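A.B. asks: Structure provided below as structure tokens; questions to follow.
Taken together, the values in this text are just the output of simple stated rules run on the coordinates, not laboratory data. What you see is a predicted model; the values in this text were computed from it and never measured. Methodologically, a virtual Cβ is constructed for each residue, glycine included, from the backbone with ideal geometry; neighbour enumeration extends over all protein chains shown.
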Amino acid sequence: MTEITSSKNELFKRWSDLATSRGIKKHNEFILMGEKLLEEFLKNPNFTVKAELIYEGLKTVTGFSSAPVSAQLHRVPVFKLSKDLFNELDVVGTHFNLLVLEAKPIEALPLNQTPQGLELICPLGDPGNLGALARSALAFNVKKLILSEESCSPYHPKAIKASAGALLKLELYKIGKFADFISQNKNIFALDMKGESVAKFKWPKNLQLVIGEEGPGFGDIKGLQRLSIPTQGVESLNATVAASIALFAYSSSQH
């Protein structure tokens, strides 16, 4: 076990970078945090574990021995941090073991490939929104979650927490700039404030559904087949809430 007590330590500085999408991309690592998420991960550790981070007096994983989590993972390096340094890395405030994992590469979406089932395209830059959307995507059997260049990293700790781990289970793909992709691809359905109601729409089995970022939406992009969620008393819904309703409508139509 290696002790780290200084914020100038190179490993600590590297792990600090993992609180941002840019740092995750730079180092190709992310930190998994949260008692339930760690317990679930340890049942099926499908990411390479690079390190375990603990501090003095840290509680242990429920159902495991008092030994560090790494004892279950075949000689994973353990680093004991001062409590203050640990709290800096524990950005969602779990006060629980942290695992540094190797991020899996996200493949580019194949060109001109026919959708299989419902494929969801999103440019969400807010980690909480992306995580909440991913949770709904998994719940309603989305086949692919397609992230645009503007999206935050799916390995952002706040995104993973909001997704309840769904981002570690979904089939992820990436595309370039959001506007470029949707303007160059036909037969995409867009969730917008104006368009046919999702409740009355005859959903095809295979389609790509795209949601807009908060605020900008789709602007004047032409050629999109627009779907809407009728509301009363408010102009629009949060993008994640609207997408979840649309996903439920699609899922219900397939039964």
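A.B. asks: Between region 222-255 and region 129-205, how many Å separate their Cα centres?
C.D. replies: 12 Å
A.B. asks: Charges only on Cβ, +1 for Lys and Arg, -1 for Asp and Glu: so what's the dipole of region 107-253 about the Cα centre, in debye to the nearest 20?
C.D. replies: Working: 15 positive and 13 negative charges, 98 e Å.
My answer is approximately 480 debye.
A.B. asks: How far, in nm, would the chain grow between LYS169 and THR20 when pulled straight, counting 0.36 nm per residue and subtracting the alpha carbon separation?
C.D. replies: Numbers: separation 149, 0.36 × 149 = 53.64 nm, distance 2.08 nm.
Going from the current span to full extension adds 51.6 nm.
A.B. asks: Given Cβ point charges of +1 (Lys, Arg) and -1 (Asp, Glu) and nothing else, what value in debye, to the nearest 20, does the dipole of region 83-141 about its Cα centre take? The partial results should precede the final answer.
C.D. replies: Working: 3 positive and 7 negative charges, 37 e Å.
Value, rounded to 20: 180 debye.
A.B. asks: Got a sec? How would ASP126, ASP17, ASP84 order by Cβ neighbour count within 10 Å, fewest to most?
C.D. replies: Values: ASP126 19, ASP17 15, ASP84 10.
Result, fewest neighbours first: ASP84, ASP17, ASP126.
A.B. asks: Per DSSP H run of at least 4 residues, take -39500 (n - 2.57); add these up for the chain, divide by its residues and hand me the 222 nm value, nearest 500 deg cm²/dmol. Walk me through the numbers before you get to the answer.
C.D. replies: Working: 8 runs with 72 residues, N = 255.
Rounded to the nearest 500, it is -8000 deg cm²/dmol.
A.B. asks: Also: Any lysines with Cα under 27 Å of the LYS202 Cα? List them, leaving off those in the same chain fewer than 8 positions away.
C.D. replies: Within the straight-line cut-off, LYS202 pairs with LYS143, LYS144, LYS186, LYS194, LYS222.
A.B. asks: Then there is this: Assigning unit charges at the beta carbon (Lys, Arg +1; Asp, Glu -1) and nothing else, what dipole magnitude in debye, to the nearest 20, does the chain show about its Cα centre?
C.D. replies: Details: 29 positive and 26 negative charges, 111 e Å.
The dipole of the chain has a size of about 540 debye.
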